1. Please report, as a whole percent, how much of the solvent-accessible surface of the stretch 173-234 comes from carbon and sulfur atoms (probe radius 1.4 Å).
2. Taking the solvent-accessible surface of protein heavy atoms with a 1.4 Å probe, what is the per residue accessible area of the stretch 23-180 in Å²?
3. Rounded to whole Å, give me the distance from the Cα center of the stretch 188-236 to that of the stretch 289-341.
4. Relative contact order for the chain: what percent, with Cα pairs under 8 Å and sequence separation of 6 or more?
5. Report the residues of the stretch 455-494 in range of a label on residue 152: point 7 Å along Cα→C-beta, backbone N strictly under 18 Å from it.
6. Whole-Hz ³J(HN,Hα) for each residue in the stretch 189-202, computed from phi via Karplus 6.51 cos²θ - 1.76 cosθ + 1.60 with θ = phi - 60°, x for glycine and proline: what do you get?
7. Roughly how tilted is helix 412-426, in degrees to the nearest 10 and between 0 and 90, from the longest Cα axis of the chain?
8. For the chain, what size does the Cα cloud have along each of its three principal axes, sorted from largest down, in whole Å?
Amino acid sequence: MATNALLEHNVGRVALVATRGFSDVIEIARQARPSLYDQHVDRSPPLVPRESRFEVGGRLDGSGSEVEAFDGHVPDIDGVDAVAVCLLHADLDSSHERAVARALVAQGLDVVCSHEVSPEFREYERMVTTVVDAALRPVCRAYLLGLGSLASEVLVMTSAGGLVPLEDAVTRPASLLLSGPVAGVRAAAVVAEACGFPDAVSFDMGGTSTDVCLVRDGAPDPAPALAIAGYPIRLPAVAVHTIGAGGGSIARLDNGGALVVGPRSAGARPGPACYGLGGEHATVTDADVVLGRIPAETAFAALGRIDAVAARRALDGAGVAAEGVVAVVDASMERAVRVVTVEQGVDPRDLALVAFGGAGPLHACGVADALGMRTVIIPPHAGVFSAVGLVSAPRRRELVKTWATPASVAGLDGALDTLGRDASAAVGGAELVETFVDCRYEGQSHELTVHRPAGFPAEHERRNGFARPDAPVEVVALRARASRAAPLTVEQLPAVVRPRVKGPEVVIEPDCSVWVPDGWVAEPGALGAWVMVRA
């Protein structure tokens, strides 16, 4: 709901209130260009038009000290669904923002403050995140509140991989962006570690997109921020990388005669031509049917028997070959896996590929072959594995706070303990509290998250291939994560018994199809998974 609304710009009308002289930060943005050599590409437009940006007096400096007092004057605002308030350095002192918010609430406005959404330094990212949160509120509120009557308690997954109460999701909808794929990643980490692979890559190929994420030491790789439709979202998240490649992705020839697959999708209805629901586009699923990866006699509960003739007709009509369609989509997914491994300094050959989603088990071995990965894991209930991740996810709250004195760590442990207690209270009493710091070398503009500053040089060398032993290390932000375990774990789900299968073989399961190519063998693994290796 939240992700699609932002991608389609189907969001509420928002006004922005900023410090005098800074209302255009949201449009000035950063100097980075989305495509350096393409003169026809523009940045995404700001979500707040210029006429809806307002300014107030008062000013804090970079240490959070007051330079100019807030004079109490706020503009009269109407004709909007919500107001985003983002004042300079409010991540260090929120008093000015809170005063502005009180005056705006008195006008009957729905107000979102940056210190509540993203209390981190970097004004542009904090401003965009606050505006996005305000813009999503009217879109998501009615939908989320409509779920309240479905059960005595409704929990919602966040992009950080934890569950929060429905009311919290309504208040902070920006935390829901890209949250769906995260559930599958969490469950994939559990199954991979149970099968003896604490380091892995989750590979979730559905109907429209493919989501990949690096898992290290049994935990999904965290990301300090998201980027959706060109908008930076400065909130805790799992580092899921998404591309427009799925079973429903449409294959076509471009103007130069080259084969292109995706990002357009045939969707669920009418879907691929082989569904027999009136779809005419050639898709990846149609190519899988023509290649025999989905046998022509296969019948799915909601679709009936697969129409192999329609699949062949769609491919011929588009002038594309089934082998070419599969090769192109596999290459796209291979590049996606490289983004989360090779580009992070990680050799994919040492990892297992955990494949799920309706189409993931059909393409996993092809992607693994291209990357030199020797092991593919097909978890139980692979077609609905994100649902498995949801029911087994913990309640979780993550808090972040700017550290005002980067060059000094005096008082750091006490501040982390306080933040950890606040996170525990927010989750209703945590069974596990973890604290982290964002560090960088002096002069750097990007940071890494580690447990303590002493661990930063080793992490920097692992990520970037070098360390600077004599360079000062700065702490720029503190983080705390508090969790309460779910009442149901992946290990407690209904058992799945799988036989040993030697390729080439197709196995049709209730929620997905599994392709074991020639040269691969699938052995039963822990928790009902298949562990596929080269024979």
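1. The C+S portion of the solvent-accessible surface of the stretch 173-234 is 57 percent.
2. The answer is 47 Å² per residue.
3. Value for the Cα centre distance between the two parts: 25 Å.
4. 12
5. From the stretch 455-494, the list is 486-488.
6. 5, 5, 5, 4, 5, 4, 8, x, 10, x, 10, 7, 10, 7
7. That helix lies at roughly 70 degrees to the long axis.
8. 74, 53, 49
The values are calculated or read from the model by the stated rules, or taken from the named source; none is laboratory data. None of the values given here were measured: they were computed from a predicted structure. Please note: Cβ atoms are built from the backbone with ideal geometry, for glycine as well, and neighbour counts cover all protein chains shown. For the accessible areas, the whole protein counts, side chains as well, though only heavy atoms, and no ligand, DNA or RNA atoms are used. Shrake-Rupley method; radii C 1.70, N 1.55, O 1.52, S 1.80 Å.
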